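Below is one structure; the comments refer to it alone.
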Amino acid sequence: MKYKKINIYGASGHAKVVIDTILSNEKLRIGYVFDDNTELEYLHKFPVYTPADQDKLNKFPTVFTIGDNTVRKKVVLSMKLKSADAVIHSNS
């Protein structure tokens, strides 16, 4: 079966929910997880990269999991990345 990889930008509480949602869908996989916090090494079992890892950041569409709407909007507009489609849990 062919699946789609998705990056996650933001590694806090909302990211954990999105990871669970992606893992629940047999057609989706986690690409890479990113966060500005350089001290954060892993979120669940996934390594956390910084935005400096531009080659990985541009590889797959990105879901922005920053909880603060104002901060999320600023990051999304400044990054100019391809956004992923809606991620919907398999139980929905």
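The values are calculated or read from the model by the stated rules, or taken from the named source; none is laboratory data. What you see is a predicted model, and the numbers here were worked out from it, not measured in a lab. Please note: Cβ atoms are built from the backbone with ideal geometry, for glycine as well, and neighbour counts cover all protein chains shown. Please note that ligands, DNA and RNA were not included when accessible areas were found on the heavy atoms of the full protein model with its side chains. Shrake-Rupley method; radii C 1.70, N 1.55, O 1.52, S 1.80 Å.
Computed from Cα atoms alone, the Kirkwood hydrodynamic radius reported for the stretch 39-92 is 12.9 Å. Annotation: amide H-H contacts under 5 Å for Lys5 (H modelled 1.01 Å from N, sequence separation of 5 or more, or interchain): Arg29. The accessible area of Lys45, taken with all protein chains in place and a 1.4 Å probe, comes to roughly 150 Å². Summed over all non-identical Cα pairs, the Kirkwood treatment of the stretch 5-74 gives a radius of 12.1 Å. Backbone geometry of the stretch 4-14 corresponds, through the Karplus equation with coefficients 6.51, -1.76 and 1.60 at θ = phi - 60°, to 3J(HN,Hα) couplings of 10, 8, 10, 7, 10, 10, x, 10, 10, x, 5 Hz, x marking Gly and Pro.
Distant-in-sequence amide contacts of Val33, defined by a placed amide H-H separation under 5 Å and a gap of 5 or more residues or a different chain, comprise Ile8, Tyr49. Under 5 Å from the amide H of Ile66 lies no amide H of any residue 5 or more positions distant or on a separate chain, with H modelled from the backbone and absent for Pro and chain starts. Please list, in order along the stretch 46-51, the HN-Hα scalar couplings obtained from phi with the Karplus expression 6.51 cos²θ - 1.76 cosθ + 1.60 (θ = phi - 60°), rounded to whole Hz, x for Gly and Pro. After applying 6.51 cos²θ - 1.76 cosθ + 1.60, I find 9, x, 9, 9, 9, x Hz.
Distance between the pseudo-spin-label points of Glu39 and His89 (7 Å out from Cα toward the beta carbon): 3.1 nm. Computed per residue of the chain from DSSP H runs no shorter than four, each worth -39500 (n - 2.57), the mean residue ellipticity at 222 nm is -8500 deg cm²/dmol.
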